Each structure stands twice: as structure tokens, then as C-alpha cells.
Amino acid sequence: MKIDKSTFDDHAVLSLKGEFDTFHCPSLQEEIEALVERGINHLILDLRLVKFINSTALGAIIKAHKRCRAEGGELVIAQPLSFVRDVIRKVGIDKLITVCETEQDAHKAIIKHLNQTELAGNAPVDHEKVMVSFPDETRNKMLGHKRGTLVGTMSNVDGGKAQFVWNGQKHGFSFDQAKTLFFKDGEVCLKFQVKMLKKSFFDLKGKVTQCDAADEGGVRVTVQFTGIEASDRDALTQFAEDMAFLKRQLPK
């Protein structure tokens, strides 16, 4: 089975081709895990070119769905062929996962879920993913197979700085090792979204000003921006001021 990947601002499409059986389940899981690690947790699984699917593959789809949901995202199945569609319905997977007859409908379903998430009152920055990378070879070597990119969780941001949490313990890093990665004045590159401002990503450089212990073996890192365009700085400053005003006005 072949897997083709197309990525958009806030979701991705995985197009499968061939026979989806036990042998190919790890490949799908690796692709989905890589996307989730990059902060992409809304996925379309396009099955229009899948001629056969077995029970293990159905289990892999359910696991993928749960993985996306655990990160606040959603997985949608698009345009399955008649055999695959019948199997999905007989097993009852269509009661758990949205199944769309066309890719266009699948995109609409993803956009609807994104809009519902934003309107449900989820914090516009808190819990958003941030991709963190380092410009020096020393820290990249410390990360090994992670290829120099970490995925943290945003806490807050304004025109001058960002704060995020990274749970190094999950990846085998002790608190002291995490502090070595995020030493004071160490340069970092941050890539993140603020969906209330724009769909595209902010891609900014900065220096670590603080690194403290967080819950569950993580660290809370504060980064002062050093490379930021005036338009981005002004937009993030206005965003922070607007959110502070709303918090003062809305009921606790």
C-alpha cells in the first residue's frame, strides 16, 4: 500500500492506495504520529483507491481517530470504495468516525470541527502546539532521532515573548537535561499558530529568558523574540491586549 500526504494550514490528507492490511498498519501509524508531533491533528483519510481492508487495518483507523481526538483534533474518512464502505458500516465504524462520500465534504467536515472547537471557548493560544528547533548542532545532537524539532504546548504569547511547556520526560529527558536544552540566552526558533489572527504560522526567533519546572516532569519556557517583523509584533500585541480586556469583562 502507498500513502501520499498533502498538508494544509490546519489539517492534512493521507491518501491510501492498494490493499490496506496488517502489514501496512505501522506505516499509517508512523505517518499520523509524525503529523501529530508537528501539531497537525485534523486529518482526512482518503480511501478512494483502497480495494481491500482487513480487521487489523480497521483497528488502526480507530487508533488513529483516538490519537487525533486526544490532541483535540479529528479524523474523517473520505470516499471509500463500495467494499470498504460496506465493511466500515457493518462493523459500525461510521457511528464513531465521520465518513464522507467526497473529499470536498471531508474538507468541510474538518473545517466545521475546527470552527466548533474555536467557538466552544477553547483558549485561542493555550493548548496550541508550538514547534521548537535549535540553530546549533550541539543541541540538535542531544535530540538524536527527533531531528532537531520538539513539539511543546503554548501557554501565552504577546508581541514581545512567548511561553510554552515541553514535557521532556515523555521523551526520556530529565529536568536537568531539559534545562540544558533551554539554557538562559540560548537561541531558539518557534513556529506556532494563533488562529484568531491568521491561519498561517508565525515563524519567529528568540532567546530563552526563563526555564522552570512544570507539571508531570515538564519545563515551562519563556522566550523573548529577537527576530520578529513589526506587523507580527503589532498583531500579537493587539491580540494580547484584546484577550486581557475580554478576561476582565467576561464572568469568571
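Rule-based calculations on the coordinates, nothing more; no lab input. This structure is a prediction, so every number in the text was calculated from the model and none was measured. Because the Cβ atoms are built from the backbone with ideal geometry, glycine has one as well, and the counts that use them run over all protein chains shown.
A compact table of results
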{"read-out": "Candidates per GluC sites (Glu not before Pro) in segment 179-243, loop by DSSP, up to 12 other Cβ within 10 Å", "value": "GLU229"}
{"read-out": "Cα lying deepest toward the dipole's positive end in the chain, options ALA64, PHE83, PHE182, charges on Cβ", "value": "PHE83"}
{"read-out": "Ranked by how many other beta carbons lie within 10 Å on average, peptides 137-144, 36-43, 174-181, 8-15 from highest", "value": "36-43, 8-15, 174-181, 137-144"}
{"read-out": "In order through segment 22-33: 3J(HN,Hα) via Karplus (6.51 cos²θ - 1.76 cosθ + 1.60), integer Hz, x for Gly, Pro", "value": "4, 4, 9, 4, x, 5, 5, 4, 5, 4, 5, 4"}
{"read-out": "Rg/Rh (Cα only; Kirkwood hydrodynamic radius) as it applies to segment 129-249", "value": "0.98"}
{"read-out": "For ASN156, distant residues with modelled amide H under 5 Å away", "value": "GLN163"}
